[in-house]
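One structure below.
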């Protein structure tokens, strides 16, 4: 932005007219903790003679050896007369530079892009840069394609809504619409120039570069938290299994109630079964959340430098085996719920699974019952036993390798 463009920008701000009153400025100063009460100022107001009086006061203070800042409005010859220090007008170049004032965009970009994880910051860098580039291109096409204010307002509203709605869904799309929204706001303030588009693009590149540099200087590597995420994933599978077995037990009780059961007992069992099913569903949701957290962190770690990727085989096996365990629990529980009774071999296998997940030595039966309906249950049970044993083995290896670093 040069000097003439800065003047055009200021003049365009007046197109909405003058709003008399001090309410807005007083509210702004209050938000800023009333800085006008903390600096030494002389405010000259009135109908005539304000400029002459202010100039005389400034000269008196300057003659007394003080450094005097002077602002007056309107001006006589040049806009730079309005801002003086010790009687010297602000240079046009500094005036134009001050009007640009886009350093905040760099800081904002750093805050938005920079995240604790190295991989997340790098990913957001690419998405932010791509979204900003596309948004600037769309804004340039829009400004050159039409001067219809109604179209600008419609695009502004749509961009505002989509920009905030898509942040958690599609970050690049959110960056596109947020960029378009900001550029439209600036275009309403200064419709005679499109230099703000280039400024925003340059500022975004600088901000993303600084954010990426900071992620190397102050890194937050994913491997530091993989052990705790693995533990949380294992516990969520344990709870998923426990609540599923409890639900299956109550389902068997309902289908074959005791001989001396009364109607009230049946109602109580039905209520307990409903509650158990709800707990199982909640546990399944929590299992998916824990699995998703672990998988996301693992894939982010794989995007980090190779020397920062720790315990990759163990973590990969934990990811696989926990998935196997959860899927087989989902298959086995409905079958267990439909049985009249759980055979001893299958019951011992279920106990061995729970012990393995608790980190204990457990030995499952070599063979289990496979007659009739039990044949459909044999495969999930064997897979659960194997997965639980491998999870116990990998968790021990993971704990052993992470202890020295702690």
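The values are calculated or read from the model by the stated rules, or taken from the named source; none is laboratory data. Computed from a predicted model, the values in this text were never measured in an experiment. Cβ placement follows ideal geometry from the backbone for every residue including glycine, while neighbour counts extend to all protein chains displayed.
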### Of the criteria (1) in a helix (DSSP H, G or I); (2) free of Cβ contacts under 8 Å to residues at least 60 places away in the same chain; (3) surrounded by 13 or more Cβ atoms within 10 Å (Cβ to Cβ), which one residue 151 fails
(3)
### Task
Evaluate the following for residue 341: is it over 22 Å from residue 234 (Cβ atoms) and surrounded by fewer than 16 Cβ atoms within 10 Å (Cβ to Cβ)?
yes
### Message
Here is a list: 375, 364, 306. Which entry is buried (at least 20 other Cβ atoms within 10 Å of the Cβ) and on the phi < 0 side of the Ramachandran plot?
### Response
364
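From 252, 279, which residue is assigned to a helix (DSSP H, G or I) and modelled with pLDDT under 90?
On inspection, the qualifying residue turns out to be 252.
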### Query
Name the pairs: first residue in region 212-232 and in a loop (DSSP other than H, G, I, E, B), second residue buried (at least 16 other Cβ atoms within 10 Å of the Cβ) and modelled with pLDDT of 80 or more, Cβ to Cβ under 8 Å, at least 6 apart or on different chains?
221/301; 222/297; 222/298; 222/300; 222/301
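Here is a list: 148, 178, 86, 144. Which entry is at pLDDT 85 or above and closer than 30 Å to residue 297 by Cβ?
Working: 148 fails: closer than 30 Å to residue 297 by Cβ; 86 fails: closer than 30 Å to residue 297 by Cβ; 144 fails: closer than 30 Å to residue 297 by Cβ.
Of 148, 178, 86, 144, the one residue that is at pLDDT 85 or above and closer than 30 Å to residue 297 by Cβ is 178.
Conditions (1) surrounded by fewer than 17 Cβ atoms within 10 Å (Cβ to Cβ); (2) modelled with pLDDT under 90; (3) on the phi < 0 side of the Ramachandran plot; (4) not assigned by TED's automatic domain parsing to the domain that holds residue 128, marked per residue:
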residue	(1), (2), (3), (4)
200	no, yes, yes, no
206	yes, yes, yes, no
258	yes, yes, yes, yes
263	yes, yes, yes, yes
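Looking at residue 333, is it surrounded by 15 or more Cβ atoms within 10 Å (Cβ to Cβ) and not in a helix (DSSP H, G or I)?
When the stated conditions are applied, residue 333 does not pass them.
Per-residue answers, yes or no, for (1) more than 41 Å from the chain's Cα centre (by Cα); (2) under 30 Å from residue 226 (Cα atoms):
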site	(1), (2)
330	no, yes
335	no, no
338	yes, no
346	yes, no
352	no, yes
362	yes, yes
368	yes, no
372	yes, no
383	no, yes
### Query
Can we say residue 95 is modelled with pLDDT under 85, surrounded by 15 or more Cβ atoms within 10 Å (Cβ to Cβ) and either outside the structural domain of residue 195 (by TED's automatic domain parsing) or farther than 23 Å from residue 205 by Cα (or both)?
yes
### Query
Among 31, 18, 57, 39, which is the only one that is surrounded by fewer than 10 Cβ atoms within 10 Å (Cβ to Cβ) and at pLDDT 80 or above?
39
### Message
Take the residues in region 80-95 that are in contact with a helix residue (DSSP H, G or I) (Cβ under 6 Å, 6 or more places away or on another chain) and outside any helix (DSSP H, G or I); name whichever of them is farthest from residue 63 (Cα to Cα).
### Response
90
